[in-house]
Amino acid sequence: MEEKIKSPWPGPEGLIPVTSGRADDANLINRRYLDSMMVEMRVIGAVEPNLETEIFGRKFSSPIMMPTFSHLNKVGKNGQKPMEAYAEAAKEMNLLNWVGMEPDEEFAAIAAVGAPTVRIIKPFADHDLILEQIAFAEAHGAFAVGIDIDHIAGKDGHYDVVDGQPLGPVTQEDLAQYVKSTHLPFIAKSVLSPDDAIDAVRAGCKGLVISHHHGRIPFGVPPTYMLQKIMEVIYDPDLQYFVDCGIDTGYDAYKAMALGANAVAVGRGILAPLLKEGKDGVVKKVRKMNEQLSEMMMYTSVADTQSFRRSVIHML
C-alpha cells in the first residue's frame, strides 16, 4: 500500500505520496497542487474573452508561451530541428518563444525563424562567456535575455558541469552587471523564493520566471504556490511574472494567471506533440489550451488578460 502523509496544500483527501526529493515526486506534488485549486463560477455579464497579452511592450495573441528547452536540436526529424519547429509555431501563432542552453550558431538559427525569442543562458563560471552570449543574442535580434539562476549545484554537491562547461554562483552584483550589459529586458529564471525575487529586482531584472526547473531542486515547492508568496512581498505592475513547470492545459494556465502570473510557459506538455508532429503538433496543443483558457475565463467573467481575479481560486 502506498504510504501517505498529510499535505501542507489541500488536495484530494488532503494527502500526497511521500516524496524522496526526486524530480518525478516534485512534479507529482506540483500536479496535485494545481489540481487542488477549485474555481468559483461568476457568469452574469460574461463575454467571450480577448486573450491578447502584452509582454515588455509587445502584444502577443495569448499568455501561453513556448518553453525554455535546451539540447533538443540534436534530435532531427525529416530534416527539421525541434527547436526551430516550435519557434515556427510561435511565429505562426504570435507567441513568445524561449530558448535555453544552445551554442551561438544554434541560437542564431532559431532566432532567424522570426519569432520573438528570449535567450536563457546558464550561469557559467566564465562570466565573460555569459556576457558574450548576451551580446550575441542582442546582435541576433533577441526579444529578451536572462539566466538560469538555479543551475549551479550538481548532484555531487559541487558546482555543476554541463556539456563540459563549468557552472558557478550568481550574485546580485553579477545580475546587475548582466543587466547593465544589454539594452534588452533581463530575466531571472527559476526563482523560487521571495528573497531571490527581491535580489533579482534590485539588480534590475525586468522579469522573473517562477519555476523549480522541472523538479531540479529536491523537494522543490510548487511554483504557483511560491508565486503567491513572492507577490506578497514584491509587486510591481511593470515587472513581468512568468510561471512554468506542470502547465499542461488552459485550465492550469488560468489558475496561474488568476494568482498573478502575466504569462505561462508550456514545456513537457508540448514535448510529445513536438517530437511526433513538429510545428503542427505544437500549434494543435496550444490552440486547445487557448480554448480551455477562454472557456474558464468566460465561466468567471474575465474579459481579458488584465482582468484576472485571485478571489475566484479556492483551495478545498
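The values are calculated or read from the model by the stated rules, or taken from the named source; none is laboratory data. Predicted, not measured: the structure shown is a model, and the values here were computed from it. Methodologically, a virtual Cβ is constructed for each residue, glycine included, from the backbone with ideal geometry; neighbour enumeration extends over all protein chains shown. Heavy atoms of the whole protein, side chains included, go into the accessibility calculation; ligands, DNA and RNA do not. Shrake-Rupley method; radii C 1.70, N 1.55, O 1.52, S 1.80 Å.
Among the residues of the stretch 195-212, write down those that are closer than 21 Å to Ile64 by Cβ and either buried (at least 22 other Cβ atoms within 10 Å of the Cβ) or small (Gly, Ala, Ser) (or both). Residues satisfying the conditions are Gly207, Leu208, Val209, Ile210, Ser211, His212. Do we have any residue at all in the stretch 173-194 that's farther than 18 Å from Ile134 by Cβ and either open to solvent by 40 Å² or more (accessible area, probe 1.4 Å) or in a loop (DSSP other than H, G, I, E, B) (or both)? Yes, because at least one residue in the stretch 173-194 is farther than 18 Å from Ile134 by Cβ and either open to solvent by 40 Å² or more (accessible area, probe 1.4 Å) or in a loop (DSSP other than H, G, I, E, B) (or both).
Could you please give the count of residues in the stretch 109-168 that are in contact (Cβ under 8 Å) with a residue 60 or more places away in the chain, part of a loop (DSSP other than H, G, I, E, B) and surrounded by 15 or more Cβ atoms within 10 Å (Cβ to Cβ)? Summing the residues that are in contact (Cβ under 8 Å) with a residue 60 or more places away in the chain, part of a loop (DSSP other than H, G, I, E, B) and surrounded by 15 or more Cβ atoms within 10 Å (Cβ to Cβ) in the stretch 109-168 gives 3.
In the set Gln228, Gln306, only one residue is out of contact with any strand residue (DSSP E or B) (no Cβ under 8 Å at 6 or more places or on another chain) and more than 21 Å from Tyr33 (Cα to Cα); that residue is Gln306. Picking from residues in the stretch 213-225 that are touching a Leu at 6+ places or on another chain (Cβ under 8 Å) and open to solvent by less than 20 Å² (accessible area, probe 1.4 Å), the one that is nearest to His151 (Cα to Cα) is Gly220.
Of the strands (runs of 3 or more DSSP E) entirely within the stretch 206-316, those holding at least 3 residues that are aliphatic (A, V, I, L, M) and either within 30 Å of Lys180 (Cα to Cα) or in contact (Cβ under 8 Å) with a residue 24 or more places away in the chain (or both) occupy 207-210, 263-265. So, of the residues in the stretch 245-276 that are at positive phi and at pLDDT below 95, which turns out to be least open to solvent (accessible area, probe 1.4 Å)? Filtering the stretch 245-276 for residues that are at positive phi and at pLDDT below 95, the one least open to solvent (accessible area, probe 1.4 Å) comes out as Cys245. Among the strands (runs of 3 or more DSSP E) confined to the stretch 4-65, the ones with at least 1 residues that are at pLDDT below 95 are located at 4-6, 15-17. Scanning the stretch 280-290 for residues that are open to solvent by 50 Å² or more (accessible area, probe 1.4 Å) and within 23 Å of Leu227 (Cα to Cα) turns up nothing. For His158, the conditions (1) at pLDDT below 95; (2) under 23 Å from Leu175 (Cβ atoms); (3) more than 17 Å from the chain's Cα centre (by Cα); (4) of a type outside the set (A, V, I, L, M) all hold with the exception of (1). Within the stretch 291-316, restricting attention to residues that are under 14 Å from Ser62 (Cβ atoms), charged (D, E, K, R) and under 21 Å from the mean Cα position of the chain (by Cα), which residue is least open to solvent (accessible area, probe 1.4 Å)? Out of the qualifying residues, it is Asp304.
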